[in-house]
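Here is the structure we will look at, set down as C-alpha cells.
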Amino acid sequence: MRPTVTDLFNAGPEPGAMGFGSYDESEQGSQDVDTDEDGAVNVHEHDHDGDVSVEGDADTDELVDRLGAMKNDEE
C-alpha cells in the first residue's frame, strides 16, 4: 500500500536528519561583529518637520479623466 501525503508528513524526518529550525551549533561560531559606529549611516540626518499643502481645486474624477487623456495622447 502506498503511503499518503499525511503519512509522510506525520512520519517526521529520517533518523539523523535535521528538521526545520535545526542547525549545527559548531557552525555558529562567535557572533561578535566589529562595527564602526562613526561610519554608520544616520537615518535622521535629513529629517524635516513641516506641512504639506496641495494647490488646486480639481476633484478626483476630473484628475482621473485628465490622466486617461494623457495616456491616450501617448498612444
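The values are calculated or read from the model by the stated rules, or taken from the named source; none is laboratory data. These figures come from a predicted structure and were not determined experimentally. Heads up, the Cβs are rebuilt from the backbone with ideal geometry, glycines too, and the neighbour counts pull from every protein chain shown.
Quick check, is G12 at pLDDT below 75 and touching a Pro at 6+ places or on another chain (Cβ under 8 Å)? In short, no. The conditions of being loosely packed, with under 10 Cβ neighbours inside 10 Å, part of a loop (DSSP other than H, G, I, E, B), modelled with pLDDT of 70 or more and under 28 Å from the mean Cα position of the chain (by Cα) are met by D34. Kindly evaluate G39 against the criterion of being surrounded by 10 or more Cβ atoms within 10 Å (Cβ to Cβ) and free of Cβ contacts under 8 Å to residues at least 40 places away in the same chain. The answer is no for G39.
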